[in-house]
Amino acid sequence: MNENDYLICREYEEQLNQVSSKYPGFIAYLHDNGKFYFAVPDGRGGILLRSEGYPNEGARDNGIESVQKNLELEERYSIEEAHGAFFTILKAGNHQEIARSCPVNSRDEAEAIFPSKRKLAMAAGNDSDRREDNYLACQVYRDHLADKSEKYPGFTTFTHEDGQHYFGVLDAKGELLFRSEGYPTTSARDNGIQSVQKNIDLEERYSTFERSGKHFVTLKAGNHQEIARSCPYDSADAAMCTPAVA
């Protein structure tokens, strides 16, 4: 099996709302080419692993069940390099490839998909002394205001010392408007940026919440997944006056 057996990653990302009722944690859909596909979302607007095309729904479901059995088994993972890109490969016990990641730019990014690395990232994300949910303190993003993205105007991008990749959304004055959670790879982060670009001008995608006396504005994608969050405000009125919402 090789990359030609898979659709390009954007095809899977466009189906993130096709959540399987039979297999939680998977998306499953029928493509225009007549084949059946599935993918494991990373929970951040991107794809962790994707499937090849199957001739029928039953065969695809067998593929999903095989991934379920092997997803958290470290020994089932390997890395493949092709044409300057790296792929994380998941195999069944018979050594048959059953899913692969989207292409990334380095071996370290590919290894970030291994179960042990995902668990470490999750543990880091739960460090309440340094983080608010999966977000860094606002000052960390402000320290990177100069790291403006050439590819995505209006965004800053940086890699934190925790090995995760982050972005910030800037307002018209170049100040921090929204911040991202940490992503395991730069491609996953870029998918998050693209999701923000699609939703940032849609008023219905915004909401506010209060925690410990502070108020936050959140931006969500069409599938109701949070994709960016403001810094804390002292009042609900102040939050509602943020440029993106007002």
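When the criteria are applied in full, I79 fails the requirement of being under 22 Å from A188 (Cα atoms) and in contact (Cβ under 8 Å) with a residue 40 or more places away in the chain. In segment 29-43, the residues that are within 23 Å of Q225 (Cα to Cα) form Cβ pairs under 6 Å with partners that are of a type outside the set (F, W, Y) and assigned to a strand (DSSP E or B), at six or more places apart or across chains, as follows: F38/A28; A39/I27; A39/I47; A39/R50; V40/L48; V40/L49; D42/L48. Of all the residues in segment 25-46, those that are over 21 Å from P184 (Cβ atoms) and either under 18 Å from the mean Cα position of the chain (by Cα) or outside the structural domain of K91 (by TED's automatic domain parsing) (or both) number 1. For segment 1-59, which residues satisfy the criterion of being touching a Leu at 6+ places or on another chain (Cβ under 6 Å) and of a type in the set (K, R)? Once the filter is applied, which keeps residues that are touching a Leu at 6+ places or on another chain (Cβ under 6 Å) and of a type in the set (K, R), segment 1-59 yields nothing. Quick one: in segment 1-57, which of the residues that are aliphatic (A, V, I, L, M) and surrounded by fewer than 17 Cβ atoms within 10 Å (Cβ to Cβ) is farthest from E109 (Cα to Cα)? Going through the qualifying residues, I end up with L30.
The number of residues in segment 47-62 being under 22 Å from the mean Cα position of the chain (by Cα) and not β-branched (V, I, T) comes to 5.
For segment 143-165, filtering for residues that are of a type in the set (K, R) and surrounded by 15 or more Cβ atoms within 10 Å (Cβ to Cβ) leaves 1.
The values are calculated or read from the model by the stated rules, or taken from the named source; none is laboratory data. Quantities reported herein were computed from a predicted structural model and do not represent experimental measurements. All Cβ positions, glycine included, derive from the backbone under ideal geometry; neighbour counts span all protein chains shown.
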